[in-house]
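As structure tokens, the structure follows; a few thoughts come after it.
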Amino acid sequence: MEKNIHEDCGVAMIRLLKPLEYYQEKYGTWMYALNKLYLMMEKQHNRGQEGAGLASVKLASVPGNEYMFRERAEGKNAVSEIFANVHKHYKDFSQEQLSDVSFAKTNLPFAGELYMGHLRYSTTGKSGLSYVHPFLRRNNWKAKNLCMCGNFNMTNIGDVFDKLTAQGQCPRIYSDTYILLELMGHRLDREVERNFVDAQKLGLENRAITNYIEENVQMSNVLKTTMQYFDGGYVICGLTGSGEMFSIRDPWAIRPAFYYKNDEIVVLASERPVLQTTFDLECDDIQELKPGQALIVNKRGEFSLQQILEPKTYSACSFERIYFSRGSDRDIYKERETLGRQLTEPVLKAVGYDTKHTVLSYIPNTAEVAFYGLVHGFKEWIDKKKVEQIAALGPNASAEEVYRVIHQDVRSEKVAWKDIKLRTFITEGNSRNDLASHVYDVTYECIKPYEDNLVIIDDSIVRGTTLRESILRILDRLHPKKIVVVSSAPQIRFPDYYGIDMSSPEEFCVFRAVIELIRERGMESLLHEIYANCKKELEKSKGEPVFNAVRAIYKPFTVEEINRKIIDMLRPEGMKTPVELVFQSVEGLHNAIPNHPGDWYFTGNYPTPGGMRLVNEAFIKYYEREYPHAAEAE
């Protein structure tokens with residue numbers, strides 16, 4: 001129920017493998033790739049609504065003419081805005097000119113063969129057009145020009161920054177995007193210079209040297225000497241001025257990337273259905289980029305997959321499947337349906353197996369598929385109950401008796417509706433809380449007051465803010481006998497450091513509930529012990545295994561104890577309706593999503609050393625804020 005948690009980005013790439021004339025003749029426009037990029041980005045709007053950008057490279061340009069183009073914009077309508085701005089360049093030309101491929105290649109911007117798009121969600125809180133991808137690094141040598149974007153968050157940017165400054169470099173900005181751009185750009189310079197020396201040894205001069213460089217740049221060398229330093233989840237994409245295109249996935253497979261190739265195009269996106277819909281493909285036509293692997297297309301249009309980094313422990317993100325990715329993906333739909341179906345028994349238990357007086361619903365739309373799974377699970381349970389009841393009636397049962405049995409069914413309704421987007425210009429507490437309670441509206445008289453249980457399923461419960469300020473308040477107006485709030489994901493207990501803006505433990509209602517339990521039971525010494533252990537973990541030498549010392553905070557408590565405390569904390573003042581929480585189990589998560597074992601949000605099992613280090617650092621910062629005197633005494 002948290003609509004303000006963000007996963008950082010979506011990416012889209014297209015490389016045309018034929019001349020523009022080919023697409024003009026076959027598809028009626030040389031803008032084929034530009035139009036397809038627009039569709040790919042709109043289909044990934046779920047991945048970024050803070051900004052968007054696109055870039056294009058034109059091959060075979062002549063000196064004195066631009067060959068790399070970029071357009072960026074901020075806001076939820078950024079995708080439409082950047083493509084509208086591109087087409088503004090064409091408004092003064094006649095239709096005849098716009099249909100002339102030779103004219104377009106010579107005179108029109110964005111009439112290229114390489115395209116790259118990006119949708120941004122910030123994980124740092126930084127805003128402004130200067131933070132919107134793609135990023136550009138310019139140079140008079142075409143091969144040294146680099147345009148880069150990505151879906152990533154690096155956990156060891158401080159280490160890389162120190163390495164660069166130790167070499168004598170002086171980065172202007174302390175951010176993973178900028179430092180990655182500069183480091184990769186530096187390695188691209190070295191690759192170009194390597195080829196320059198080789199060309200001279202062959203006796204080449206002037207323009208012949210340039211041609212040799214552009215034909216022989218090995219992006220695999222650039223990626224190998226750049227990405228070896230980074231810890232985190234990422235899909236990095238880039239274009240060079242000379243016509244190289246590449247995308248590399250992190251060696252833990254934390255962030256996703258899918259690609260397709262035929263004799264016309266090479267395309268890549270963050271999600272598989274994007275490619276299926278845009279290019280009318282079957283699911284099995286599309287491949288997933290493997291851990292540590294790079295997709296590379298050189299200037300000549302030659303496609304290759306190259307292993308840049310050795311694969312690490314496979315840790316594809318499960319939360320990506322639960323929440324962020326489009327539910328229209330074949331496998332994701334099945335996974336989310338299974339997540340809901342698996343919750344049938346604990347939900348039945350919560351309502352006392354009284355299906356006659358239980359209404360199922362969901363909030364928000366991303367939980368709809370899990371809701372269907374829960375409905376299917378209820379239907380199966382009721383059907384088994386019907387069989388038993390009919391058998392018990394015997395052969396002489398009346399039609400009325402049989403009808404009463406078979407008439408039993410799952411009750412489901414659209415109970416809650418997202419009504420408005422709360423504007424934050426009102427900051428005074430009581431006024432703001434009153435407004436927040438009206439973000440959702442309810443369907444009145446869809447349940448019987450004081451008689452029906454109301455079950456609301458969500459994909460995840462993170463901070464609990466929406467639950468407290470809006471959902472429970474508005475549902476209480478229906479006067480159900482009991483409200484059961486269900487999460488298709490397990491309890492989110494730990495921050496994420498690979499691309500989602502959940503970096504502090506106190507953001508989570510589960511963590512806050514455990515802190516309350518610790519204080520109530522006089523167990524503050526546990527917090528001090530964890531603080532000391534976190535510091536010990538950070539004192540370990542580089543290369544020594546680091547462990548998550550924060551996991552110990554949850555060991556004294558059961559899931560049920562934590563759930564009850566969460567309800568105590570989130571229940572609005574004056575609410576009378578009983579409330580129960582039901583979470584997915586970690587075992588259920590792995591059963592439903594077996595091919596994406598990355599579960600650090602729920603278990604604290606971070607796949608990278610950087611993740612382990614940051615979770616310990618986060619608890620240290622929390623403890624020093626909350627218990628400054630105890631921290632000083634340590």
| field | Loop sites in region 435-530: GluC sites (Glu not before Pro), DSSP, at most 16 other Cβ within 10 Å | value | Glu445, Glu451
| note | Residue separation between Lys384 and Gln169 times 0.36 nm, minus their alpha-carbon distance, gives in nm 70.4 nm
| message | Apply the Karplus curve 6.51 cos²θ - 1.76 cosθ + 1.60, θ = phi - 60°, to the phi angles in region 346-359 and return the couplings in whole Hz, x for Gly and Pro. | response | x, 6, 4, 4, 5, 9, x, 6, 8, 5, 4, 10, 10, 10
| query | Over region 183-287, what percent of the accessible surface lies on carbon and sulfur atoms, probe 1.4 Å? | reply | 41 percent
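Take each of the peptides 129-140, 200-211, average the number of other beta-carbon atoms within 10 Å over its residues, and list them starting from the highest.
Ranking, from highest mean packing down: 129-140, 200-211.
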| query | Carbon and sulfur: what percent of region 1-121's accessible surface (1.4 Å probe)? | reply | 48 percent
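Provide the gained length on full extension for the span Asn595 to Ala392, in nm with one decimal, where the gain is 0.36 nm per separating residue minus the Cα-Cα distance.
Numbers: separation 203, 0.36 × 203 = 73.08 nm, distance 4.35 nm.
Result: 68.7 nm gained on full extension.
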| For the chain, what proportion of DSSP beta bridges, expressed in % and rounded to the nearest 5, is antiparallel? | 75 percent
| When Cα extents along the principal axes in Å is calculated directly from the model, which label among (i) 111, 65, 39; (ii) 96, 70, 50; (iii) 117, 65, 63 fits? | (ii)
| message | How much length would be gained if the chain were fully extended between Cys283 and Glu516, taking 0.36 nm per residue of separation minus their Cα-Cα distance, in nm to one decimal? | response | 79.1 nm
| task | Quickly work out the Lys312-to-Gln218 label distance, labels modelled 7 Å from Cα along the C-beta direction, and quote it in nm with one decimal. | result | 2.5 nm
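At 1.4 Å probe size, with the rest of the protein present, what percent of the exposed accessible area of region 480-603 is carbon and sulfur atoms?
Ligands and nucleic acids excluded, carbon and sulfur reach 49 percent.
Measuring with a 1.4 Å probe in the full set of protein chains, what accessible area per residue, in whole Å², belongs to region 1-119?
Computed with neighbouring chains in place, this is 40 Å² per residue.
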| request: Provide the per residue accessible area, probe 1.4 Å, for region 155-226, rounded to a whole number of square angstrom. | output: 48 Å²
| request: Write out the GluC sites (Glu not before Pro) in region 1-95 meeting two conditions: DSSP loop, and at most 12 other Cβ atoms within 10 Å of their Cβ. | output: Glu66
| note | With only helices counted (DSSP H, runs n ≥ 4, each -39500 (n - 2.57)), the per-residue ellipticity at 222 nm for the chain, to the nearest 500, works out to -11500 deg cm²/dmol
| Under 19 Å between alpha carbons - lysine pairs in region 42-147 that sit 8 or more apart or on different chains | 9
| message | Could you tell me how many cubic angstrom of Cα convex hull volume region 1-153 has per residue? | response | 125 Å³
| query | Projected area of region 38-94, taken from the Cα convex hull and averaged over every viewing direction, in nm²? | reply | 5.1 nm²
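The values are calculated or read from the model by the stated rules, or taken from the named source; none is laboratory data. If you're wondering where the values come from, they're calculated on a predicted model, not measured in any experiment. We place every Cβ from the backbone using ideal geometry, glycine too, and count neighbours over all the protein chains shown. Accessible surface is based on the protein model in full, side chains and every heavy atom, while ligands, DNA and RNA are left aside. Shrake-Rupley method; radii C 1.70, N 1.55, O 1.52, S 1.80 Å.
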